[in-house]
Amino acid sequence: MKSKIDGFMELVKQRNGHEPEFLQAVQEVAETVIPYIIDNDIYFGKNVLLRMVEPERLISFRVCWVDDDGEIQVNRGYRVQMNSAIGPYKGGLRFHPTVNASILKFLAFEQVFKNSLTTLPMGGGKGGSDFDPKGKSDNEIMRFCHAFMSELFRHIGHNTDVPAGDIGVGAREIGFMFGMYKKLKTTFTGVLTGKGASWGGSLIRPEATGYGNVYFAQDMLKTQKDSFNGKKVVISGSGNVAQYAAEKAIELGATVLTLSDSGGYIYDKDGIDTDKLKFVMDLKNNKRGRISEYVKVYTSAKFVAKEKPWSVPCDVALPCATQNELNGDDAKKLVSNGCICVSEGANMPSTPEAIHEFQKAKILFAPGKASNAGGVATSGLEMSQNSLRLSWTRKEVDDKLKDIMSDIHDSCVKYGEKDDGSIDYIRGANIAGFVKVADAMLAQGIV
């Protein structure tokens, strides 16, 4: 078996050797899916996984815009349309200096499996730019978004490719891009998700990834006849995902101890309660401040610069910042400090070494393609509302989100349960996501 996996990865490396993030994502899937393919004649010999790792389309384009000083700036834009076997491409746009083809291909590849797990008819895609919104004025961001969409509009549509937000792309950026799309196409369609509630957006879309992550962790804890009540929770990040994961964990009776950003993390031994979380939300969303400012207001807390929060003892860890933020040494610290559950809110935040430590310790571990699917699930619900010209209530959307996360959990259990009764959520998520897409690809022939 190892020789078949190694042979497959060697072929993928020949084509993508300069893309480490993408290769890491493919390796993790290959290790669980290839044995399943070999055991199931319907997939064996069809090169289905090899077809999945090759994007159907990878678009790269120049984005020229004018800053407030009148100087022309040049950035690079991308859209990776990975797989459309079960529906139009769906996945976020990321604006961050680290954006490159490797990162977007890994995100798009993960998105294929994530979208499949939601049971909604959505293919996988991802896009973005190496543009950095930090420190830019609203007018500069508007000019960039308009320039970006003036190229991207050629390649998207409500039945073709429906982008959403991601890191660096919130309601403001979605609004600017939608405005330019509407102007260029002279049509009002649900071509972007994450829109404002007054013009086609869905309630709880900003909350959905964080809420969904906690719902998934809650389902994992239920398999051990446990819950969030009374648990100590460590969270990385302080953007939307981290904020709303904290909000839902607090609502379920947990004590949230940490949040972080690129400068370091805050540790509040008394817990980040609802009022303190509101301060963080205003600080990060409106004032665009640094998390270190928290300790100026809540002086019993401390700020640890240039570190991540994984050395803080906890019961549940929710990595909600970015890829590969939690390594093998971090995982050992979490396990030795009594952590029983890790649920990924970000995309691939745990390194392979970290995952090995979690699985060796037999603690509950949820991969992001399953546990952070709440965001794209709610984007899918927004697409449905746009198509029907309806707007569901907050409770209706939240109930649907919770049901979808439970269904994803059940699928992971179906394909990931071992003989000893334990659940390999990585194996379960990869195979469950693969089966739906692979069946559709085989039904449609070689296209």
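The values are calculated or read from the model by the stated rules, or taken from the named source; none is laboratory data. Values in this document were obtained by computation on a predicted structure and should not be read as measured data. All Cβ positions, glycine included, derive from the backbone under ideal geometry; neighbour counts span all protein chains shown.
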Query raised in the report: Which one of these is modelled with pLDDT of 95 or more, more than 22 Å from Gly190 (Cβ to Cβ) and assigned to a helix (DSSP H, G or I): Asn75, Asn139?
Result: Asn139
Query raised in the report: Could we say that Val33 is within 24 Å of Phe106 (Cβ to Cβ) and out of contact with any Lys or Arg (no Cβ under 8 Å at 6 or more places or on another chain) here?
Result: yes
**Report entry** Identity of the residue in segment 346-356, part of a loop (DSSP other than H, G, I, E, B) and in contact with a Phe, Trp or Tyr (Cβ under 9 Å, 6 or more places away or on another chain), that ends up surrounded by the fewest Cβ atoms within 10 Å (Cβ to Cβ)
**Finding:** Asn347
Query raised in the report: Just wondering, is there one or more residues in segment 305-321 that are surrounded by fewer than 24 Cβ atoms within 10 Å (Cβ to Cβ), assigned to a loop (DSSP other than H, G, I, E, B) and touching an Asp or Glu at 6+ places or on another chain (Cβ under 8 Å)?
Result: yes
**Report entry** Residue check for Ala108: under 24 Å from Arg290 (Cβ atoms) and either small (Gly, Ala, Ser) or without any contact (Cβ under 8 Å) to a residue 12 or more places away in the chain (or both)
**Finding:** no
Query raised in the report: Being surrounded by 18 or more Cβ atoms within 10 Å (Cβ to Cβ), under 19 Å from Lys369 (Cα atoms) and basic (Lys, Arg), is that true of even one residue in segment 139-151?
Result: no
Requested in this report: Check whether at least one residue in segment 213-236 is among the small types (Gly, Ala, Ser), in a strand (DSSP E or B), within 21 Å of Ala321 (Cβ to Cβ) and in the same structural domain as Tyr78 (by TED's automatic domain parsing), and report yes or no.
Outcome: no
Query raised in the report: In segment 191-212, what residues are farther than 10 Å from Ser379 by Cα, part of a loop (DSSP other than H, G, I, E, B) and either touching a His at 6+ places or on another chain (Cβ under 6 Å) or small (Gly, Ala, Ser) (or both)?
Result: Val191, Gly196, Gly200
Query raised in the report: Quick one: which of Ser202, Ser198 is polar (S, T, N, Q), touching a residue at least 24 places away in the same chain (Cβ under 8 Å) and either on the phi < 0 side of the Ramachandran plot or surrounded by 24 or more Cβ atoms within 10 Å (Cβ to Cβ) (or both)?
Result: Ser202
Query raised in the report: Can you tell me which of Asp407, Asp403, Asp420, Asp399 is surrounded by fewer than 18 Cβ atoms within 10 Å (Cβ to Cβ), more than 18 Å from Gly91 (Cα to Cα) and over 23 Å from the mean Cα position of the chain (by Cα)?
Result: Asp420
Query raised in the report: Looking at (1) farther than 21 Å from Ile363 by Cβ; (2) modelled with pLDDT of 95 or more; (3) crowded, with 22+ Cβ neighbours inside 10 Å, which is the only condition Val233 fails?
Result: (1)
Query raised in the report: Taking Ile72 and the conditions (1) more than 19 Å from the chain's Cα centre (by Cα); (2) touching a residue at least 12 places away in the same chain (Cβ under 8 Å); (3) within 30 Å of Asp138 (Cβ to Cβ), which numbered condition does it fall short on, given that it satisfies the others?
Result: (2)
**Report entry** Scope segment 407-442; condition in contact with a helix residue (DSSP H, G or I) (Cβ under 6 Å, 6 or more places away or on another chain) and of a type in the set (Ser, Thr, Tyr); matching residues
**Finding:** Ser411, Tyr415, Tyr425
